[in-house]
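Below you'll find the structure, written out as C-alpha cells, and then a few comments.
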Amino acid sequence: MPTHPFCKWACAIIVVATGVVANAASWNDTGTGASAGEWFNPFSWTPTIVPDLTINADINNGGEALADAATAPADVQANLLEVGTNSFTGTLTSLGVNVVTAGALNVGQAFNSFLIPIPSTEGSGTVTVSDAALVDIGGSLNIGKTHTSDFTTAMGNGAVVFERVDSVVLGSSVDVGEAVANTGVANGRGSLRISDATSLFIDNDLDVGEAFADGDPDTSATSQGSANFERVAVITIDGDLEIGLSTARESGGLSTATVLPSSVTITEGGNMSVRRKTRIGHATTTNTSEASAQATLTVELTGSLEFQDDIEIGLSSTQITSQANAIGSATLSGGTDLTVDGEITVGHAVAGIQSESTGTGTFIVQQFDSLLITDDMTIGRVDSTLFSFQTAGVAQATGNFWISDIQQATVQGEVQVGFGNNDKLGELSTAKGSIRIKNVGLAEMGTELRVGYVRPNTFSVIAQGKVDIENSHVVAPVIEIGVGFNRQSQARGEVSLTDSSLVAGTITVGRDGDTTGIAAILPHEGSLTLHNSTLETDFLTVADRVSPGGVSGHVQLLRSLVTVNDTMLLYEGSGLAIGIEGTQRGDQYGAIDAGTAQLGGLLHAVPLNFVPSYWDEFEVITAATRVGEFDEFAGLLVNQNLTLVPVYDHNGSIGLTLVAALPGDANLDGTVNGLDLLAWQANLFTGDKWWQGDYNFDGTVNGLDLLIWQDHLFESVPSPASPVTQGDFTVPEPGSLWLLGVSVVLAGQRNRRVAAV
C-alpha cells in the first residue's frame, strides 16, 4: 500500500531528530585543481573517502559532482545519495558511468520539524546520468520533495534525467514534486525524464505532483510534477501511478491544497504495466478547505498496456463549506492490447453541505488491437452522501470516454454516462457524460449502458449523457437513455449511430422510472438516432410515462432498419421520425420490423431531397401484432399536390404503410370526387383519420379539410396497381341530402374558379 503523505512527514521528523547515520560523507566544493568536483577523487570528499555502498553521500552547499568514464571506469556508488538538501543546492552528473545506491536517491529534498524550528526550508538538486548500462536505486527516488512542521515554509525543487541508460531500476517509490505542510506552507516542484532505455522498473508507487495540507488554523500546499519516458521498451510500475493529487483538511482554519498542471508522458514506448491504482487529477477537502488538481497522462506505445487495478481521472470531493476542483485526462494510443483489470471513473464530483465540487475527466483510447475493461465504467457522475435540509452543495461532474480505431473493445461491467446520485435537497447538481465509439470492429458495452440516468431516491440532479457511434458494431444487453426518478431530478440521454450496427437486449428511451411514486416536475428526455445503420433488440420502449414535467422519447431513422424481436412500445410523449430518400426499405428510408407493435405518440415523415411518385409505398412498420395507432402525424403533406397517407394493416400487412396519394382522396382510388366528400360528411367533427376526411392531419374533420377536397376536386391520377385496403373504411350510400350538399359544393367550386379568371 502507498504511504500516506502525513506518515511520510512524520517519518522525516524522526530522521531529523535522530541525526545522520554513521560514516556519512559530505561533498566538499572547496577543492582546487582539475580534479575539483570529480566523484572518484577522494580529496573531493570529507573525509577523503570515495563513497561506496556502505557510505551515505551528500552533495550540498552548492556543490557539483562529476563522474566521467573517461577518467574512471568504476561505478558511482553510495548507500544513501542526497543532492541539494536542507536549504542547499547540488548537482550530480554521470557520463558513461553506472549509478548504484543501496538506499534512496534524494534530489532537492527539504525537511524540518518542530524540534528544529526555522522559518523556511528550501532544497534544490539535479541528477543527470547518460550513456550508461545501469541505474539501480535500491530505495526511493525523491525529487523536489518538501515536508514542513508548524508555521514554516518549505520549498523543494528537483530534476532527474536518465539518457541512453540501458536499464533503470528504482527499488522503491518515486515522488516527483511533493509538498506536505503541517500548519504552514509547502511548495514542491519536480521533474523526471528517462529516454532510450531497454527497461524501467519501479518497485513501488510513482507520484507526480502531490500536495497535502493539514491546517490549524491555516495551511497551504502546492506541488507540480512531470515524468517523461521516451523510447523505453518496457515500463513496469509495481505500485500506484498517481498524478496531480491534492488534499486539504483543517480543524479550525483554512486549508488549501493545489496541484498545478502535472503530467506523465510516454512516447515511442514498447510495453507498460501498472500493478496498482492509477489516479489522475484528484482533489479532496474537509471543513473550510480548498483543493484543486490538474493532471494529464499521455501514453504512446507499440506493445501492450496493462492497468491491474482501478483508474480514476478527474475526481473531487468536499464536505462542509469547502471547494474541490479536479481536472484529469488520459490519452492512450498505439499498441496491441490494453487491459484495465478494475473500475474506470472519469469526472466524479461529491459535494457536502454548502460546498462546491467540480470533477472533469477525459479518457481516450485509440489505435489498439483490443481493449478490455473487467469492471464498471462511470463517465460524469455526481454524488451527495449525506441527507440534509440545509443548503446542499453544488457538484458538477463532466466525463468523456472516447475510443477509436480498435478491433475489439469490451467492458464487462456496467457503463454509466451522465450519472446522478444525490440524496440532498438544495441547488441542482449536474452530471454530464459522453462516449464516442469510432471505427471499432466490435464494442461490447457491459451488462448495462445507462446514458443520462438518475438513481432512485435522488433529489436536485440533472444527468445528461450522450453516446456517438460511428462505423462500429456495438453490443449492449441493456440500454437506458434519459431515465429519471423523483420530482426534482432530470435525465437527458442521447444515442446516435452512423454507419454502424447495434445489438441490444432491451432499449428504453425517455422514461420516468418512478412509476409508483410522485411524478417528476422536471422533464426526462431520451433520443435514439440511426443514420445508415441497423439496430436489433428484443424490447424497445419509448417514453413510457408522461409526468407533469413531461417525458419524451424520440427515435429517428435515416436509411436505417430497426428489428424488434419481441415488443416495441411507443407511448404518448414519444416520437418516431422517418427520413425518406427513396423507395428502398431500410436503405433509402427508415423502417421497423417488430413482433408486437404498440403504437402511440407522433409519427413524423421527413422527405429529404426526394419527391415520391403517386402510389409509392413506404412500409414504415411491420409487425405480427399491432396494438393502437399513432396520436399525431407530421410531415405527411409533401407538397400541395401530394400527400403521404398513413394506412394501417395495408393489404393484409400488419403495421403502418405510408402511401403517396392525391390530397383529398379519402378512399385512395386515384380520384378526388363525391365519394371522398361523403367520407368527410359522415365523420364531420367526429373523425380524426385520413379515410374519415382529416386531410390535413390535425386530428379533426372540419371545414379546413373540406377546402383541401375542394382544391383538388375532379383531379385524378392512374389508379393503383392493386386496391388499397385500409382498416375499417367503408363508404356510406349517397342520399338526397348528400346529393344536395355535393351540388352546393360544386357550385361554390365553379364560382370560385370563375372569380379567379
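Among the residues of the stretch 304-319, those identified as open to solvent by 10 Å² or more (accessible area, probe 1.4 Å) and under 16 Å from V234 (Cβ atoms) are S304, E306, Q308. Kindly evaluate Q640 against the criterion of being open to solvent by 60 Å² or more (accessible area, probe 1.4 Å) and either closer than 20 Å to V509 by Cα or out of contact with any Pro (no Cβ under 9 Å at 6 or more places or on another chain) (or both). Spelling it out, it is not the case that Q640 is open to solvent by 60 Å² or more (accessible area, probe 1.4 Å) and either closer than 20 Å to V509 by Cα or out of contact with any Pro (no Cβ under 9 Å at 6 or more places or on another chain) (or both). Pairs meeting the criteria (first residue in the stretch 626-649 and farther than 17 Å from L608 by Cα and in contact (Cβ under 8 Å) with a residue 12 or more places away in the chain, second residue polar (S, T, N, Q) and open to solvent by less than 30 Å² (accessible area, probe 1.4 Å), beta carbons under 6 Å, at least 6 apart or on different chains) are V647/T657; V647/Q726. With respect to the conditions (1) within 27 Å of T148 (Cα to Cα); (2) without any contact (Cβ under 8 Å) to a residue 60 or more places away in the chain, S262 falls short on a single one, namely (2).
If the condition is being touching a Leu at 6+ places or on another chain (Cβ under 9 Å) and hydroxyl-bearing (S, T, Y), then the stretch 135-174 contributes S140, S149, S167, S172, S173.
For residues that are in a strand (DSSP E or B) and in contact (Cβ under 8 Å) with a residue 40 or more places away in the chain, tally how many sit in the stretch 481-503.
Summing the residues that are in a strand (DSSP E or B) and in contact (Cβ under 8 Å) with a residue 40 or more places away in the chain in the stretch 481-503 gives 12.
Got at least one residue in the stretch 332-340 being at pLDDT 95 or above, on the phi < 0 side of the Ramachandran plot, open to solvent by less than 10 Å² (accessible area, probe 1.4 Å) and β-branched (V, I, T)? The answer is yes, given that some residue of the stretch 332-340 is at pLDDT 95 or above, on the phi < 0 side of the Ramachandran plot, open to solvent by less than 10 Å² (accessible area, probe 1.4 Å) and β-branched (V, I, T). Scanning the stretch 144-174 for residues that are of a type in the set (K, R) and in contact (Cβ under 8 Å) with a residue 40 or more places away in the chain turns up just one, K145. Of the strands (runs of 3 or more DSSP E) entirely within the stretch 206-310, those holding at least 2 residues that are of a type in the set (D, E, K, R) occupy 206-215, 218-237, 241-250, 289-301. For the stretch 691-709, the tally of residues that are part of a helix (DSSP H, G or I) and over 13 Å from A666 (Cα atoms) stands at 3. Per the conditions (1) closer than 17 Å to S226 by Cα; (2) among the small types (G, A, S); (3) outside any strand (DSSP E or B), the sole criterion not satisfied by A159 is (3). Does A133 fit the bill of being open to solvent by 40 Å² or more (accessible area, probe 1.4 Å), small (G, A, S), in contact with a strand residue (DSSP E or B) (Cβ under 6 Å, 6 or more places away or on another chain) and in a strand (DSSP E or B)? Yes. Being of a type outside the set (D, E, K, R), open to solvent by 30 Å² or more (accessible area, probe 1.4 Å) and either in contact with a helix residue (DSSP H, G or I) (Cβ under 8 Å, 6 or more places away or on another chain) or at pLDDT 95 or above (or both) narrows it down to one of T374, T360, so name that one. Going through T374, T360 in turn, just one is of a type outside the set (D, E, K, R), open to solvent by 30 Å² or more (accessible area, probe 1.4 Å) and either in contact with a helix residue (DSSP H, G or I) (Cβ under 8 Å, 6 or more places away or on another chain) or at pLDDT 95 or above (or both): T374. Among the residues of the stretch 590-637, the one identified as open to solvent by 40 Å² or more (accessible area, probe 1.4 Å), touching a Pro at 6+ places or on another chain (Cβ under 9 Å) and farther than 21 Å from S653 by Cα is L637. Confirm whether D499 is crowded, with 24+ Cβ neighbours inside 10 Å and either modelled with pLDDT under 95 or of a type outside the set (S, T, Y) (or both). For D499, the condition - crowded, with 24+ Cβ neighbours inside 10 Å and either modelled with pLDDT under 95 or of a type outside the set (S, T, Y) (or both) - is not met. Residues of the stretch 268-299 that are within 30 Å of I353 (Cβ to Cβ), open to solvent by 50 Å² or more (accessible area, probe 1.4 Å) and in contact with an Asp or Glu (Cβ under 9 Å, 6 or more places away or on another chain): K277, R279, N287, T288. Of all the residues in the stretch 143-175, those that are under 30 Å from P217 (Cβ atoms) and either of a type outside the set (D, E) or open to solvent by 10 Å² or more (accessible area, probe 1.4 Å) (or both) number 14. Does H524 qualify as being more than 19 Å from the chain's Cα centre (by Cα) and at pLDDT 90 or above? Answer is no for this residue. The set of residues from the stretch 69-82 being closer than 17 Å to L170 by Cα and either hydroxyl-bearing (S, T, Y) or open to solvent by less than 30 Å² (accessible area, probe 1.4 Å) (or both) comprises V76, A78, L81.
A single member of A443, A476, A395 is open to solvent by less than 60 Å² (accessible area, probe 1.4 Å), at pLDDT below 85 and on the phi < 0 side of the Ramachandran plot, and it is A395. If you go through the stretch 83-103 and pick out every residue that is open to solvent by 30 Å² or more (accessible area, probe 1.4 Å), modelled with pLDDT of 85 or more and either of a type in the set (D, E) or assigned to a strand (DSSP E or B) (or both), you end up with 3. Please specify each residue of the stretch 414-440 satisfying the condition of being at pLDDT below 90 and outside any loop (DSSP other than H, G, I, E, B). Scanning the stretch 414-440 gives F419, G420, N421, N422, S429, T430, A431. Checking each residue in the stretch 461-501 for being within 19 Å of A395 (Cα to Cα) and either aromatic (F, W, Y) or in contact with a strand residue (DSSP E or B) (Cβ under 6 Å, 6 or more places away or on another chain) (or both) picks out V461, I462, A463, Q464, G465, G484, F485, S489, Q490, A491, R492. Of the residues making up the stretch 320-331, those that are open to solvent by less than 70 Å² (accessible area, probe 1.4 Å) and either among the hydrophobic types (A, V, I, L, M, F, W, C) or within 20 Å of E242 (Cβ to Cβ) (or both) number 7.
The values are calculated or read from the model by the stated rules, or taken from the named source; none is laboratory data. All of these numbers come straight from a predicted model, not from anything done at the bench. Here Cβ is always computed from backbone atoms with ideal geometry, including for glycine, and neighbour counts include all displayed protein chains. Ligands, DNA and RNA are stripped out before the accessible areas are found, and what is left, the full protein with its side chains, is counted by its heavy atoms. Shrake-Rupley method; radii C 1.70, N 1.55, O 1.52, S 1.80 Å.
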